[in-house]
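Here's the structure, in structure tokens; my notes come after.
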Amino acid sequence: LSASYAPYMDEKGRKAGIVMVLQDITKRQELDNMRKEFVANVSHELKTPLTSIKSYTETLLDGALEEKDLAVSFLQVVNSEADRMNGLVRDLLQLSRLDSKKVLWNKKNSNLVKIGQDAVNKMEITAQNKNQTLSFITKYEFLSVYVDKDRIEQVIINIISNAIKYTPSGGHIQVQVYRDKNYAVALIKDNGIGIPKRAIPRLFERFYRVDKARSREMGGTGLGLSIAKQIVVAHDGEIFVESKEGIGTEVFIKIPISKKKD
Ligand code: ADP
């Protein structure tokens, strides 16, 4: 609460009282804190790979360059840290475009069954590389949704990619597409490490990760789910998570069934 006050005069110019203005600034302060935290997070996330790039290049310049094998392994680290920074900047740019509503949506009547199937096809190799099964299950041929299909596919791919990352090798990932009342739903299920109950409400916050070290190791930025949420919400949809630690995770993406004809 912020308070400001001023004396109040009567018509003869004598002090007659005090006018006091009380203002609720909690909302403003909250926003301010979120902004500060965001900037701190971005700086930290960019600084970590930069520090590593710098120290490896310095070591190379100090003579490690002479040892071919060592040099190659150092350069591989430099390369993958540069990839990480690239990924982070790409995610940040996308968030900023979504925030400033500068995204041009290419919405059309599309088939969520096809979008789900395409996403699964594109992730098959990644799952195979980790010895995981990735299956697609539906009893529908067509569920009509009015969406930007590339972006919805991107969301599903992102969720499948999380399922792969946070499920040990040998695990099972399943994508289901079905109808629930006026929604078409894509459900991505895994039998991975799961998410502690207390963390579930925070998953869609920017930079939130249950286990920072593990996410970083997997190449995560902690921005994936917040981007996914913005995209789904821009389609009047919903996204939510149910999970049990040690059992697995289910992510539901619900998009309204469209009635419009193209
Ligand atoms: P990240 O880039 O770290 O994967 P996300 O925004 O995509 O960021 O996800 C946020 C966090 O949610 C992850 O760091 C991870 O802790 C948790 N998470 C997301 N998906 C899963 C999943 N399928 N199983 C377990 N944990 C998950």
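All of the numbers you see were taken from the coordinates with simple rules; none came from a lab. It should be emphasised that the depicted structure is a prediction, and the values quoted were computed from it without experimental measurement. Cβ sites come from the backbone with ideal geometry, for glycine too, and all protein chains shown count toward neighbours.
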Where the second residue is surrounded by 14 or more Cβ atoms within 10 Å (Cβ to Cβ) and among the hydrophobic types (A, V, I, L, M, F, W, C) and the first is in contact (Cβ under 8 Å) with a residue 24 or more places away in the chain and part of a loop (DSSP other than H, G, I, E, B) and lies in the range 116-132, which pairs have Cβ atoms under 7 Å and are six or more apart or on separate chains? Lys130/Ile164; Gln132/Ile164; Gln132/Ile173
So Arg35 ticks every box in (1) in a strand (DSSP E or B); (2) under 22 Å from Leu223 (Cα atoms) but one. Which box is left unticked? (1)
Verdict on Ile255 being more than 10 Å from the ligand (Cβ to nearest atom) and surrounded by 20 or more Cβ atoms within 10 Å (Cβ to Cβ): yes
Can you list residue pairs whose Cβ atoms sit under 7 Å apart, with the first residue in the range 135-151 being part of a loop (DSSP other than H, G, I, E, B) and the second being β-branched (Val, Ile, Thr)? Count only pairs 6 or more apart in sequence or on different chains. Tyr140/Val113; Tyr140/Val177; Glu141/Val113; Phe142/Val113; Leu143/Val113; Leu143/Val177; Leu143/Ile257
Test result for Val185, buried (at least 18 other Cβ atoms within 10 Å of the Cβ) and touching a residue at least 40 places away in the same chain (Cβ under 8 Å): yes
Answer yes or no as to whether Tyr208 is near the ligand (Cβ under 10 Å from one of its atoms), without any contact (Cβ under 8 Å) to a residue 40 or more places away in the chain and under 18 Å from the mean Cα position of the chain (by Cα). yes
Taking Glu250 as meeting all but one of (1) over 16 Å from the mean Cα position of the chain (by Cα); (2) surrounded by 14 or more Cβ atoms within 10 Å (Cβ to Cβ); (3) acidic (Asp, Glu), write down the number of the exception. (1)
Would you check which residues across the range 162-180 are within 16 Å of the ligand (Cβ to nearest atom) and buried (at least 20 other Cβ atoms within 10 Å of the Cβ) and list them? Asn162, Ala163, Ile164, Tyr166, Thr167, Gly171, Ile173, Val175
Considering only the range 189-203, state which residues are crowded, with 19+ Cβ neighbours inside 10 Å and within 15 Å of the chain's Cα centre (by Cα). Leu203
Subset of the range 181-193 (residues that are more than 6 Å from the ligand (Cβ to nearest atom) and either of a type in the set (D, E, K, R) or over 29 Å from Lys259 (Cβ atoms) (or both)): Lys181, Lys189, Asn191
Given the structure, is Glu66 without any contact (Cβ under 8 Å) to a residue 60 or more places away in the chain, of a type outside the set (A, V, I, L, M, F, W, C) and out of contact with any strand residue (DSSP E or B) (no Cβ under 9 Å at 6 or more places or on another chain)? yes
Within the range 218-247, of all residues that are part of a helix (DSSP H, G or I) and more than 10 Å from the ligand (Cβ to nearest atom), the one surrounded by the most Cβ atoms within 10 Å (Cβ to Cβ) is Ile231
